[in-house]
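These notes are about the structure you will find just below.
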Amino acid sequence: MADTTHYKELGLVNTRDMFKKAMAGGYAIPAYNFNNMEQLQGIIIGCAESKSPVILQVSGSARKYADPRFLPHMVTGAVQMVRALGVDISVALHLDHGDTFDLAKSCIDSGFSSVMLDGSHHAFEENAALTRQVVEYAHEREVTVEGELGVLAGVEDEVSHEVSHYTKPEEVEAFVEKTGVDSLAISIGTSHGAYKFKVKPGEEVPPLRFDILEEIAQRVPDFPIVLHGASAVVPEYVKMINAFGGKMDDAVGIPEEQLRKAAGSAVCKINIDSDGRLAMTAAIRKVFAENPSEFDPRKYLGPAREELTKMVKYKNEHVLGSAGKA
Ligand code: G3H
Ligand code: 13P
Ligand code: ZN
C-alpha cells in the first residue's frame, strides 16, 4: 500500500450524504464500535441484512489494538464481503473520540472517511481552534469531522470523566461557525459504559434533556447532532451475563423509547459500543458455562458474532429506523 490511502480506495464514503438523508427521513445512522474481526463482521452483516447505512467506528485505543496498518485492510475486506453478497450499503470508517490533530491526521491518511475531534474537555476557544485545525486538513481530503461541546460522564480507555456537563445551547452556533464541523456531539444526559445511572429498585432512569436538544436544533436548524453513550444496556444481555457467571448487577442504560425519540429528531448519528460488548460477552459466557471443555475459538466467537448481528439488525429495524435506508 502507498504511504497514504484515500478512503474512496477502500470503498468507503464520508458521512455527509448519510446525515442529509437521515435528517430528511427522521432516522439515525448507527455508529457501532469495533476492534476485532468478529465484531466487524457481526456489525457489517447485521447492517447488510437490514440494508442499513453504517458508520464503523474505532477509538484511538481500539485502532492501536487492531493495529493501524491492519485496520484499513479489515475494513475494505468487510466492504468487499457485503458487495459480494450483492448488497449496496453506504459504509463510513470513523475515528471515535480523537484527541489530537496528529491522531486525526494519521487516521485520515490511512483511509478513514470521517473523524471526531473531541476537545470537549478543553475550554471553548481551545476546543474550537483544535477542531478547526482538523477540519481544514480533513475537508481538503473530503473527510467529514465531528466535534463535541459539553462533557459526558463515564469511563473508557482514553476518555474518563467523573461528572457530565450539559451542552450550552448558546455556544453551539458560534462553535459550528468557527470550526466548520459537519456534525456535533452533545451532552444531554447520556454517559459512556454500562453503568449510566444509579437507580434504586423500582426507580425509573431520569429522562434525557430533550429540551436542550430542541433548543440546539432551533439554533442550528438541519444540522446533524450526534448522541454518544447511547447503549440501551440491553437488560436481556445483562441477565444472561449474570446467569452464566458474570457480575454486572447495577448495569443500566438509556431506555429504547428515548433512543427512538432521539433518532426521530436532529440526532443523525447514534453511538453504540457497550451493547455490542454485552451481546458478545453474553453469548461467550453461555457457551463456556454450557460447554466447559470447549476450547476452539470458533465455537465461542462464532455465536458471539451471530448474537451481535442479531442485535445490530434489531437496533437498525426497531430503534434507529435506519433499516432499508441503505
Ligand atoms: O466512546 C468510546 C468507546 O466506547 C470506545 O471505548 O476507548 O474502550 O475503545 P474504548
Ligand atoms: P456506549 O458506552 O453507551 O455504548 O457509548 C458508546 C459511545 O459513545 C462511543 O463513542
Ligand atoms: Zn462516545
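The values are calculated or read from the model by the stated rules, or taken from the named source; none is laboratory data. Just so we're clear, the structure is a prediction, and the values are computed from it rather than from any experiment. Methodologically, a virtual Cβ is constructed for each residue, glycine included, from the backbone with ideal geometry; neighbour enumeration extends over all protein chains shown. Remember, those area values only see protein heavy atoms, side chains included, never the ligands or the DNA or RNA. Shrake-Rupley method; radii C 1.70, N 1.55, O 1.52, S 1.80 Å.
Whole-Hz Karplus values for region 135-142 come out as 4, 4, 5, 5, 5, 4, 10, 6 Hz, taken residue by residue from phi with 6.51 cos²θ - 1.76 cosθ + 1.60 and θ = phi - 60°; glycine and proline positions read x. Each peptide in 181-191, 121-131, 199-209 gets a packing score, the mean of other Cβ atoms within 10 Å over its residues, and the list from highest to lowest is 181-191, 121-131, 199-209. Look at the dipole of the chain built from charges on Cβ: of PRO201, ALA128, GLY246, the Cα furthest out on the positive end belongs to GLY246. For region 248-326, the list of GluC sites (Glu not before Pro) that fall in a loop by DSSP and count at most 13 other C-beta atoms within 10 angstrom reads GLU294. Spatial offset of region 26-77 relative to region 162-195 amounts to 24 Å, using the alpha carbon center of each.
Within the chain, DSSP assigns beta bridges of which about 10% are antiparallel (rounded to the nearest 5).
Here the 3J(HN,Hα) profile of region 178-187, calculated from phi with Karplus coefficients 6.51, -1.76 and 1.60 at θ = phi - 60°, is 5, 8, x, 4, 8, 7, 9, 7, 10, 10 Hz, Gly and Pro shown as x. GNM on the chain, alpha-carbon springs under 10 angstrom: the most fluctuating residue among HIS165, HIS192, HIS94 is HIS165.
Restricting attention to region 1-103, the count of lysine pairs at 8 or more positions apart or across chains with alpha carbons under 22 Å apart stands at 5. A DSSP coil position with no more than 10 other Cβ atoms inside 10 Å describes the following chymotrypsin sites (Phe, Trp or Tyr not before Pro) in region 271-323: PHE295. Given the options MET240, MET116, MET248, state which has the largest fluctuation in a GNM of the chain using a 10 Å cut-off (strictly under) for Cα springs. Its mean-square fluctuation being the largest, the pick is MET248. Per-peptide packing, taken as the mean over residues of other Cβ atoms within 10 Å, places 63-70, 103-110 in the sequence 103-110, 63-70 from highest down. Separation of region 89-148 and region 265-326, taken as the distance between their Cα centroids, equals 27 angstrom. Ligands, DNA and RNA are left out, and with a 1.4 angstrom probe the accessible area of the chain is 45 Å² per residue.
Taking the protein heavy atoms of the chain in the context of the full set of protein chains, the accessible area attributed to carbon and sulfur is 52 percent at 1.4 Å. Across region 203-216, computed HN-Hα scalar couplings (Karplus, 6.51 cos²θ - 1.76 cosθ + 1.60, θ = phi - 60°) run 7, 8, 6, x, x, 5, 7, 5, 5, 5, 4, 4, 5, 5 Hz from first to last residue, x flagging Gly and Pro.
Note on the chain: along the principal axes its Cα atoms extend 58, 54, 34 Å, ordered by decreasing extent.
Highest GNM mean-square fluctuation among LYS313, LYS21, LYS247, for the chain modelled with Cα contacts below 10 Å: LYS247. For the chain, the 222 nm mean residue ellipticity estimated from helices alone, with every DSSP H stretch of n ≥ 4 adding -39500 (n - 2.57) and the total spread over all residues, rounds to -13500 deg cm²/dmol. For the chain, averaging the sequence separation of C-alpha pairs within contact (under 8 Å, six or more residues apart) and dividing by the residue count gives a relative contact order of 23 percent.
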